[in-house]
Amino acid sequence: MPDWMVEATGLVKTYQRRDGSTVAAVQGIDLHIRRGEIFSLLGPNGAGKTTTIAMISGLIAPTRGDAKIGGHSITREPLAAKRLMGVVPQEIALYLELSARQNLEFFGRLYGLSGRELGRRVDEVLDFIDLTERQRDRLDTFSGGMKRRVNIGVGLLHRPQMVYMDEPTVGIDPQNRRRILDTVKRLRDEYSLTILYTTHLMEEAQELSDQVAIVDQGRIIARGSQGELTQQVGEQDRLIFTVGQQKVEEALLRRIEQSAEGVTRALYDAPAVGDADGAATAGTITVFARRGRRALPGIILAINDASLEIGSVEVREPDLEAVFLHLTGRALRD
Ligand SMILES: Nc1ncnc2c1ncn2[C@@H]1O[C@H](COP(=O)(O)OP(=O)(O)O)[C@@H](O)[C@H]1O
Ligand SMILES: [Mg+2]
C-alpha cells in the first residue's frame, strides 16, 4: 500500500447564500497524494480549488467527507493533522509595519518555538526564501513577490511534512514568479516535502507537477501524471487559428474539419484530422489533428474557403490545456 500523505474521500462543500440559495462549490472530490510529490489541482476560476484546500487543511468543515493527513483525520484529530502541514494562503496575512524577521519570529512563537531554537529556525527560513539580506526591512518596503516569499516562509517555520500553496503566483511579477516556482521544486527536492499546489495556469502545473488533478465545477474530471493525462488526447496536436473577432459557428467548424480532412487525405493519402474534435470561440478556431503540421495546409484552405481571414496560426503538441479543452470544450482561462 502506498504511503499516502493525504487521503481525501468524498469531500463535498455546499455554501448557503444569505437569500437561502446554495452553491455546490465541491461536489465529491477524492484525492490521494503520495509523500514527497508535487500534486497540482489545475482548474479555472471558480472550479473549487480553494474550497478543497480549505477543507483538507481544516480551515472550513466539509459538508460531507473527510481528509486524512499522515493518517490523521482533519475533522476528528485536527491538531495532529494540522501539525504536519504548512498553509500558504492566497491572501497575504502578515504585519506590514514589522520587518521580515519580526514577522517570522511572531508566527514562530505562535507555533510554539522560542529562544535559540526560534532564532535558528528563522535564520534557516530566511535563507531558504532568500531574504536574509532584507530581514531587518519593514514589509511595507517589500514588493508583492517578496511578501509572498515571507508568506511561504511562515508556512515552513514549524517544519511541516507537507505544504499547501493556493495560487501563490497570482499577481506576482515574472521574476518573483520564477523564484516561487523554483522554491516549490526545492521544497520537494531538498526537503522531501509533499506539496499540494493549486493553479489555473497550465504552464505552472506542467512545470511543477508529479501528479495533476484537473478540476472543473467542483469535480475532478481527470487525474494522473502529465503523460497519462496528455495520452487522453492521443497523439493529436492542437492547431489554433485566430480569425479576428468573427463568430465561428459550430456548423462552420464541422465544415472546416471535413474539408481539411478531405484536403489532407488527398495530399497525403491519409486523414490527419481527428473526428469532429474541434472547438470554436469568438475569434479562435481550434482543431485537434494527428500530425498537426501535415494537416495545416488543408485546414488553412478550408478556413479561407469559409471567407475567414487568418490572423495567426499556432501548432501545439499535446499538453494539459488540450486535455481540459478536450474534456470540457472550454479553455482554462475562459
Ligand atoms: N464563502 C462562500 N460562500 C458562497 N460561495 C462561495 C464561497 N466561497 C466560494 N464560493 C463559490 O464556490 C465556488 C468555488 O470557489 P473556489 O473554491 O474559490 O474556486 P477556485 O479556488 O477554484 O477559484 C465558486 O462558485 C465560488 O463563487
Ligand atoms: Mg481559489
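The values are calculated or read from the model by the stated rules, or taken from the named source; none is laboratory data. Not measured: the values here are computed from a predicted model. Here the Cβ positions follow ideal geometry from the backbone for every residue, glycine too, while neighbour counts run over all protein chains shown. Keep in mind that these areas ignore ligands, DNA and RNA; they rest on the heavy atoms of the full protein, side chains included. Shrake-Rupley method; radii C 1.70, N 1.55, O 1.52, S 1.80 Å.
Pairs needed: first member in segment 170-182, over 22 Å from LYS49 (Cβ atoms); second member anywhere, in a helix (DSSP H, G or I) and open to solvent by less than 70 Å² (accessible area, probe 1.4 Å); C-beta distance under 6 Å; at least 6 residues apart or different chains.
These pairs meet every condition: ASP173/GLY145.
Specify the residue that is least open to solvent (accessible area, probe 1.4 Å); the eligible residues are those in segment 55-102 that are within 30 Å of GLN135 (Cα to Cα), out of contact with any Phe, Trp or Tyr (no Cβ under 6 Å at 6 or more places or on another chain) and within 16 Å of ligand 2 (Cβ to nearest atom).
By that ranking, first place goes to VAL88.
Here are ALA47, ALA24: which of them is open to solvent by 30 Å² or more (accessible area, probe 1.4 Å) and closer than 13 Å to ARG219 by Cα?
It is ALA24.
Within segment 151-193, can you find the residues that are acidic (Asp, Glu) and either modelled with pLDDT under 90 or in a helix (DSSP H, G or I) (or both)?
Listed by number, the residues that qualify are ASP173, ASP182, ASP189, GLU190.
Answer yes or no: is there a residue in segment 55-76 that is in a loop (DSSP other than H, G, I, E, B), away from ligand 1 (no atom under 16 Å from the Cβ), touching a strand residue (DSSP E or B) at 6+ places or on another chain (Cβ under 6 Å) and closer than 30 Å to GLY145 by Cβ.
No, segment 55-76 contains no residue that is in a loop (DSSP other than H, G, I, E, B), away from ligand 1 (no atom under 16 Å from the Cβ), touching a strand residue (DSSP E or B) at 6+ places or on another chain (Cβ under 6 Å) and closer than 30 Å to GLY145 by Cβ.
Considering segment 205-222 alone, what residues qualify as being open to solvent by 20 Å² or more (accessible area, probe 1.4 Å), away from ligand 1 (no atom under 16 Å from the Cβ) and farther than 16 Å from VAL233 by Cα?
Matches in segment 205-222: GLU207, ASP210, GLN211.
In this structure, does GLU133 turn out to be outside any loop (DSSP other than H, G, I, E, B) and open to solvent by 70 Å² or more (accessible area, probe 1.4 Å)?
No; evaluated as a whole, the condition is false for this residue.
How about segment 27-54: which of its residues are part of a loop (DSSP other than H, G, I, E, B) and more than 8 Å from ligand 1 (Cβ to nearest atom)?
ARG35, GLY36, GLU37
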